[in-house]
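Participant: Before I ask anything, let me first share the structure, which is written out below as structure tokens.
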Amino acid sequence: MKLIPVIFMAILLSLAEACFAQGYIVNNGVVTNLFPNEVDLNWPAETQINGFEFAPVGITSGAYTNVFTFGEPATIGVRVFFVNSNQPITLDEIRSNLDSEISNLTDPIYPANPTNVINVNSPFYVALYSGAQLAQFYPSGNTNAVEYTDPVFGWAQLENVNGRINLLNSALEYQGGGIFAGTQNIISIPEPSELTLGVLGALLLGFRRRHP
């Protein structure tokens, strides 16, 4: 008989774990109309403009065709990664270091070192990871493993059109666990709801009273 409370408690705990924080898609969460060559994020809890830019390096023809610099004009910035369509964009994925992160520390020094080459008329996806506050100091460049508090996850489909990076499509997710690139499919994170925890506490209290 003593197994019954234990089994019941296990069922309740599993129900609590089954509750998820869904998050939501931010309308116009990724925009390009604030500054030339810049892609910016915006969401309700944002504390300042979080953006990045791909700027052409002087010329878009000749020996250094389609060479761009990557910059982050905002102090908080955005970590940006090359990804494929339908690839998950989550903190675990970012921590895995499996994706190619774009950094201003590898920018070309004009007119040499053409490291950021983006071909014309070839749409590509980037993952976006930022937040309203930083968990630690953010140095120049984005090669350090910075993690944000109150994070947002998103993606942008970009294309080099005659030396200018155009935004074709995008999505930004807030208060969830991430998003799949090229979609509006949000990745939920487990989060016991207050109601579930309240019911769990009341039932456990009832068990304690019935089984001193």
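Participant: Which one is farthest from GLU147 (Cα to Cα) among residues in region 79-98 that are surrounded by fewer than 18 Cβ atoms within 10 Å (Cβ to Cβ) and without any contact (Cβ under 8 Å) to a residue 60 or more places away in the chain?
Facilitator: The residue in question is PHE82.
Participant: Looking at region 68-78, which of its residues are aromatic (Phe, Trp, Tyr) and either surrounded by fewer than 20 Cβ atoms within 10 Å (Cβ to Cβ) or in contact with a helix residue (DSSP H, G or I) (Cβ under 9 Å, 6 or more places away or on another chain) (or both)? Break it down stepwise before answering.
Facilitator: Taking region 68-78 and keeping what is aromatic (Phe, Trp, Tyr), we get 68, 70.
The answer is PHE70, and nothing else.
Participant: Next question. Only one of (1) within 15 Å of VAL80 (Cα to Cα); (2) modelled with pLDDT of 90 or more fails for GLN175. Which number is that?
Facilitator: Single failed check for GLN175: (1).
Participant: To continue, here is another question. Please name all residue pairs, on different chains or six or more residues apart, with Cβ atoms under 7 Å, provided the first residue is in region 124-149 and is at pLDDT below 55 and the second residue is among the hydroxyl-bearing types (Ser, Thr, Tyr).
Facilitator: Taking only residues 6 or more apart or on different chains, the pairs are GLY141/SER103; ASN142/SER103; THR143/SER103.
Participant: Sticking with this structure for a sec: Sort out which residues of region 16-36 are surrounded by 13 or more Cβ atoms within 10 Å (Cβ to Cβ), of a type outside the set (Phe, Trp, Tyr) and at pLDDT below 80, and write them in order of number.
Facilitator: ALA16, CYS19, ALA21
Participant: Can you tell me which condition THR183 does not meet? The list is (1) assigned to a strand (DSSP E or B); (2) modelled with pLDDT of 95 or more; (3) within 30 Å of ASN66 (Cα to Cα), and all the others hold.
Facilitator: Of everything listed in (1) assigned to a strand (DSSP E or B); (2) modelled with pLDDT of 95 or more; (3) within 30 Å of ASN66 (Cα to Cα), THR183 misses just condition (1).
The values are calculated or read from the model by the stated rules, or taken from the named source; none is laboratory data. Just so you know, these numbers come straight off a predicted model, no measurement behind them. Quick reminder, even Gly has a Cβ in these numbers, built from the backbone with ideal geometry, and neighbours come from all protein chains shown.
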